[in-house]
Every structure is written in structure tokens, then in C-alpha cells.
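Here's the structure we're looking at; comments come further down.
What follows draws every value from the coordinates through simple rules; no lab data is involved. Since the structure is predicted, the reported quantities are computational estimates derived from the model, not experimental observations. For neighbour counting, all protein chains shown are included, and Cβ atoms are generated from backbone atoms with ideal geometry for every residue, glycine included.
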Amino acid sequence: MSEAWGALPADARTAEAWQSFGARLRHWRRRAGLTQAQVGARVGYDHTAISKLEHGSRRTPLPLARRLDDLLKAAGELLEACEAAGRQERATGPQDGPLAARSGPLPGEPPGVALPAMLPPGTVLPARLPAYGLVCPMHGRDGCAVPVPSDVIALHAAFCALGPDALAHPALDDDTVHALTALLAVCLRADEERAWPGATAVVERTLHAMLRWMALPAASYQTRLAPLAAEYAQSAGCLRLLWGRNGTAMAWLDRSLQWAVLADRVGTQVAALSDMSTLARLEGDGPSALAYGRAIGEAAAGRYWAGAMSDLYQARGHAVRGDATRTLRHISRAWTQMDRAGEGDEAEAPWLSVASVRLRVESGAAGALRDLAAATGDRRFALRAVGAAGAALGLLPPGMHSARMLFLARMADAHACAGDPAAAQAVAAPVLDTTEVNPATLLGQELRGLHGRLAARGGGHAETDDFVSRLAAAVR
């Protein structure tokens with residue numbers, strides 16, 4: 001399971017709050033006429049786990065509380081009791097919480113370079129939030145103003161200057177939170193538009209500062225920074241993944257998942273689990289890729305947009321194993337749930353405002369069908385992958401250069417799998433002409449697969465042979 005839960009802290013008020021939740025759970029289970037085993041089977045837990053929840057000896061993750069509330073038709077009462085217990089638990093301080101910021105080492109902190117030197121030339125900060133799929137953790141979609149650039153630089157410097165041995169409780173004002181959120185939006189946009197490697201340094205330096213703030217003996221820092229820290233850690237993991245640094249990517253993604261659960265940010269949980277599934281697949285770990293894909297659905301039960309993501313990542317996990325039946329079933333389910341997703345989804349997953357559910361499903365389906373064609377040798381899957389890749393390209397908003405190059409490489413590889421090297425070359429040529437390819441990145445890996453398939457067909461045409469040589473130089 002993706003949700004973090006375990007033995008409760010010793011605080012008496014926290015224990016009483018979870019016991020109160022357990023009593024309400026028992027009441028609604030009995031009212032529904034179900035046994036503990038029946039409830040457990042329907043929400044994916046053993047009956048002993050349900051017993052511990054009813055006795056208040058284990059905390060209940062909020063996503064599970066939602067599923068229990070829906071299952072038992074408790075009209076929000078179980079969800080409200082779980083939220084109340086969670087608030088009481090967080091009030092005991094970060095040192096007692098299940099997801100304390102001190103757990104486990106993380107990648108080292110980048111050198112302390114001044115922020116202006118780390119930002120790309122011509123950086124323009126957003127004037128307001130939300131921006132580029134990021135909302136203010138305090139004001140949400142209602143929006144708020146971002147400080148002027150000179151103030152953002154000063155606020156960031158002061159935030160990062162907190163030493164590792166600090167004992168004081170410095171102020172964490174609204175403007176600092178606004179500045180940090182706007183900086184993350186700038187980093188994500190810059191990396192998407194230019195494949196900018198400096199984004200990782202800005203994000204990770206800020207993250208290490210957050211760790212120091214969250215380790216201070218004041219609970220408000222943990223609870224106030226957790227939503228933004230979850231976004232930063234997920235972005236750090238994604239950036240590491242895009243640049244082929246898989247080990248450190250997983251470390252950040254794991255921490256993002258912890259903070260997202262603590263902050264009850266379902267959209268960030270789904271984003272982190274999606275990247276974790278991608279990492280597992282790239283490492284050749286099919287069972288883990290599938291497990292993370294299933295965990296997406298568990299973390300956001302009942303949401304069509306998350307169900308589409310869950311099926312999509314399960315489809316990709318089955319595709320690399322050549323399981324056509326399961327791959328196609330999950331793709332079909334992803335498309336069905338995609339059609340049911342509504343405008344309200346952006347409230348839980350603001351990043352969908354940058355790349356829609358349909359775009360993500362079409363691009364993921366293209367990857368799954370291409371992988372299935374490569375695993376089975378079936379040309380029909382490759383042709384379907386070409387169509388899905390074309391649909392994804394048509395949905396890309398302007399400026400998403402990195403994604404466009406990735407989708408073109410995927411479409412070219414699908415043409416190669418379909419036995420059409422001329423089409424593959426025509427589609428992939430603009431990628432090599434306009435992009436500096438790093439072999440370690442996701443784009444580099446896509447092009448490496450294309451090179452392998454074109455090279456395996458053998459020579460015979462001077463223009464094709466020259467293109468294969470260019471590919472080889474780019475991916476080695």
C-alpha cells in the first residue's frame with residue numbers, strides 16, 4: 001500500500017482522537033451489516049488491520065478514510081473524524097508525527113550560489129499565483145500576489161541562510177511562501193522550455209533549507225511547509241529522473257509522497273507515484289512499476305482523473321512484459337476514465353492545467369503501445385502507437401519544447417517498430433536538428449531505442465545509414 005501508517009505516538013489526546021475515529025468506524029460498519037473481513041476485502045486491507053483501526057491502535061490514512069466513508073455511506077462523518085484526529089496528531093509537533101522531516105538522508109545540498117546566478121537569463125517571475133500548475137499552499141486557487149523580483153531574491157536568501165544548528169524560531173511570513181512557490185513554477189517552466197539543468201540546483205537547495213526549517217522545534221513549520229515541500233520534492237525527483245539520475249530521484253520522490261500524505265495533497269501523491277512507476281519501469285522492474293501504478297488508484301480512490309493515471313501506468317508496466325491482453329485492457333479503461341474527468345479535477349491536481357488528462361493519457365498510451373509492439377513484434381500495436389503519439393502532439397500547448405521532442409522521438413520509434421524506417425527518420429530528424437541530446441535523459445533513452453531498432457534492420461540506403469550514425473553519436 002502507498003499510504004503511510006503505523007503505531008500511534010504516545011500523546012494521550014492523539015490516542016483519544018484515533019479511538020474516537022475507531023468507534024465511529026465500528027458504528028458505521030455494523031450499521032452497514034458488514035464484518036471486519038468484508039470491509040477489509042472491499043478496501044484492500046486484511047481484517048486484522050480493520051480491527052486495529054476500530055480499536056484506535058493504528059492511524060488511518062485520509063485516502064483510506066474516504067474509501068471507508070464511501071463504502072459505509074457515512075455521509076462524511078468518518079472523513080471528518082479522521083481529519084480531526086490528524087489535526088490533533090500534528091498538533092503534538094513534528095517530532096511525534098508519522099512522517100517527520102528528520103527521517104532518512106537525502107541527496108547532498110548544492111553549493112550556496114546566489115539565486116540570480118542559478119536562474120536562466122531572462123527569467124520572468126509570475127506576478128500572481130497560481131502559476132504553471134502550482135497553487136499557493138495558503139490561498140489555493142483563490143490566488144495571491146507574488147513579491148517583486150528583488151524581494152523574491154532577498155526572501156529566498158534569508159530562507160536558505162538558516163543554519164543546520166538553528167535553535168531560534170524565525171518568522172515564516174506569507175511573502176516567503178509566495179516567493180518559494182513562484183520560484184518552483186519558474187524552475188519547472190524553464191526546464192520544460194529549455195531542458196535547463198540549473199533548475200535542479202535551485203529546487204534542491206531550497207528543499208534542504210525546508211528540511212532545516214521543518215526540523216525546528218515548532219510544529220507550525222512542519223504543517224505549513226509540508227504542502228510546498230511535497231511539491232518541491234516531487235519536482236526534484238522528476239528533474240533527477242529526466243536527467244537520468246534514478247537513485248536520487250527515488251529518494252526525493254519517496255520524501256514527496258510522505259509530505260503529500262501528511263498535507264493531504266492527493267494530486268502530489270499521484271504525481272510522485274507516477275514518477276516512481278516510471279523509474280521502476282526504466283530500471284526493468286516490472287512488478288514494482290505495476291505496484292506503483294495500482295497505488296495511484298488507492299491513493300485517490302473514486303477520482304476519474306487518478307483512475308486514468310493508475311490504469312495508464314499499469315498499462316506501461318504490462319507492455320514491457322509483452323502482455324497484450326492486460327495492456328490493452330488498462331489503456332481502454334484509461335481512455336474511459338479520461339472521458340469522465342471533469343473541470344473540478346484541477347482543484348486536486350493543479351498540474352493538469354498545464355498538461356491535461358487527455359494529453360497525459362494519449363502520450364502514455366503511445367508509450368505503452370510502442371513498448372508492446374517492441375516486445376511482441378506486432379506491427380498493429382506500433383501503428384496504434386503512431387496515432388496516439390500524434391494525438392498527444394496535437395494536444396501540447398505552445399512552449400513545451402522538451403515534451404514535444406520526447407513525443408516526436410516516441411512517434412519515430414513507433415514507426416520503426418512498424419517497419420517504416422523512412423517515416424521514423426522523417427519524424428526524428430527535427431529532434432536531432434534542434435535539440436542537444438544528453439544520453440542519460442528520457443529523450444536520450446527514447447532515441448537509444450530508436451537507434452537500436454533502425455540499426456538492427458541493417459544498412460542499404462546511404463541516407464538512412466547516415467541518420468543511424470547521427471543517432472549513435474547522440475546517444476552514446
Task: segment 99-264 - Debye-derived log10 I(q)/I(0), Cα point model, q = 0.12, 0.16, 0.19, 0.20 Å⁻¹ - done: -0.48, -0.90, -1.34, -1.51
- [ ] Starting with the fewest neighbours, write out 123, 441 ranked by other beta-carbon atoms found within 10 Å of each beta-carbon.
- [x] 123, 441
Task: Values of log10 I(q)/I(0), in the order q = 0.07, 0.14 Å⁻¹, for the chain under a Debye, Cα-only, solvent-free model - done: -0.40, -1.37
TODO: Using only alpha carbon pairs under 8 Å that are at least six residues apart, calculate the relative contact order of the chain and give it in whole percent.
DONE: 11
TODO: Write out the GluC sites (Glu not before Pro) in segment 370-476 meeting two conditions: DSSP loop, and at most 12 other Cβ atoms within 10 Å of their Cβ.
DONE: 436
TODO: Report the relative contact order of segment 12-92, percent, no decimals, based on alpha-carbon pairs under 8 angstrom and at least 6 residues apart.
DONE: 39
Open item on the list: Multiplying the sequence separation of residue 438 and residue 142 by 0.36 nm and subtracting their Cα-Cα distance, what value in nm do you get?
Closed with: 102.6 nm
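For Cα pairs less than 8 Å apart in space and 6+ apart in sequence, what is the mean separation divided by the residue count of segment 391-458, i.e. the relative contact order in percent?
Working: 53 pairs, mean separation 22.2, N = 68.
Contact order relative to length: 33 percent.
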Task: Cα lying deepest toward the dipole's positive end in the chain, options 197, 455, 28, charges on Cβ - done: 28
Task: Between helix 266-282 and the chain: long-axis angle, C-alpha atoms, 0 to 90°, nearest 10 - done: 40
- [ ] Find out how many positive minus negative residues lie around residue 396, taking Lys and Arg as positive, Asp and Glu as negative, among other residues whose Cβ is under 14 Å from that of residue 396.
- [x] +1
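Computed over the Cα atoms of segment 208-276, what is the convex hull's projected area averaged over all directions, in nm²?
Answer in nm², one decimal: 4.1.
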Task: Helix 246-263 vs. the chain, principal-axis angle (Cα, 0 to 90°, nearest 10) - done: 40
Task: residue 158 paired with residue 288, simple spin-label distance in nm, labels 7 Å along Cα-to-beta-carbon - done: 4.2
